[in-house]
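Structure, as structure tokens:
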Amino acid sequence: MSLLSFLEQHQKQHHLPDDLIQTAKSIVNACTQISQKVRLGALSDVLGEAGSGNIQGEAQKKLDVIANQIMIQTLQNTNSVAGLASEEEDTFVSGSEKGSYLVLFDPLDGSSNIDVNISIGTIFSVLPKPNSGSLKESDFLQSGANQVLAGYVLYGVQTQLVLTFGHGVFAFTLNDKNEFIMTKENITIPAETAEFAINMSNYRHWENPMRDYIDELLAGKDGVRGKNYNMRWVASMVAEVHRILMRGGVFMYPKDHRDPSKPGKLRLMYEANPMSWLITQAGGGATNAMQAILTIQPTGLHQRVAVILGSQEEVDRVTRKHSQG
């Protein structure tokens, strides 16, 4: 089934507004353009540093800037989009005065992998515009539970779109005609797993409950868990989450002690919320090690959080350890 047929069928089945479907099509259109840029790579001079930095103080790659521009330009020309916010921008960008939805996005997640040809992606989250007045930052500061559409496009061996409207998780693959075709439906994450993803080089910076949890996994079948675990780490959240959706696992980017002012590294609005909704829609769990990600009330567009998501058993175990101190 093509994406367009799926959207038409899904809209009828779940009574989704026309404007929401229009917003989804616009996001996919932008990501298809980004996919073409990523695919050509060095052939179109899009690799390397851009010589600029973003609001996070991080050096931007050329593709970061290009992907951000494509998303903004496409969404600003979409009547259903009232405003948008990007991880790469200082503040929100206004859209159509007639728009009903707000789109938040990370235009190119995992950009440190661009020049070495490892999977990267675009993450997106759609919220309803809460009022008919002029757009302001507080309109965007809604909990993840308010999302009406979320997903990502993975630019990897294949270009794949994974999304949810709150009625299950569906995956599509881009074919040679630039059409997304459904390749997996009603994705479910196994409750148990023997695979985890974390940056072990930060072990010394973690809080004790996280160290204790990782020590259990590393002890394998001789430890309290009674089974061996494998570790994976791609340094691209899109790739990590995609693997978990396809075969299970747990992904962790915990709080550490290096900067007490930051409760985590990942951005709540652009990364944690959309990915957490996808994971929970697929039967998994997602917390900041203390509370469900989707219940967190945002305080700023670029707020950071710790993230633990994936197979329910492991997420619950990490959260229990932190709640017990």
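Okay, here's what the table says:
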read-out: Overall form of the range 102-243 per C-alpha gyration tensor (a/c, 1.5; a/b vs b/c); value: prolate
read-out: Cα shape, the range 3-184, gyration tensor, a/c 1.5 rule; value: oblate
read-out: Dipole magnitude of the chain about its Cα centre (Cβ charges: Lys, Arg +1; Asp, Glu -1), debye to nearest 20; value: 420
read-out: Packing-based ranking, highest mean first, of 236-243, 304-311, 284-291, 260-267 given that Cβ atoms within 10 Å are counted; value: 304-311, 236-243, 284-291, 260-267
read-out: Charge dipole (the range 195-323, unit charges on Cβ, about Cα centre) - positive-most of 264, 290, 246; value: 264
read-out: The chain - share of DSSP beta bridges that are antiparallel (%, nearest 5); value: 80
read-out: Ranked list, fewest to most other Cβ atoms within 10 Å of each Cβ, for 94, 26; value: 94, 26
read-out: Rounded, prolate or oblate (a/c below 1.5 giving rounded, otherwise prolate when a/b exceeds b/c) for the range 209-277 by Cα gyration tensor; value: oblate
read-out: Beta bridges per DSSP with both ends in the range 3-184, % antiparallel, nearest 5; value: 85
read-out: Order of 227, 255 under a 10 Å beta carbon neighbour criterion, fewest first; value: 227, 255
read-out: The range 3-184 - charge dipole about Cα centre, Lys and Arg +1 at Cβ, Asp and Glu -1, debye rounded to 20; value: 540
read-out: Backbone N under 14 Å from the residue 207 label point (7 Å along Cα→Cβ), restricted to the range 224-262; value: 253-262
read-out: DSSP bridge pairs, the range 195-305: antiparallel proportion in percent, nearest 5; value: 45
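Here, each number is a calculation from the coordinates, and none is a lab measurement. The model shown is predicted, which means the values in this text are computed figures rather than measured ones. A quick note on method: Cβ atoms are made from the backbone with ideal geometry, for glycine too, and the neighbour counts reach across all protein chains shown.
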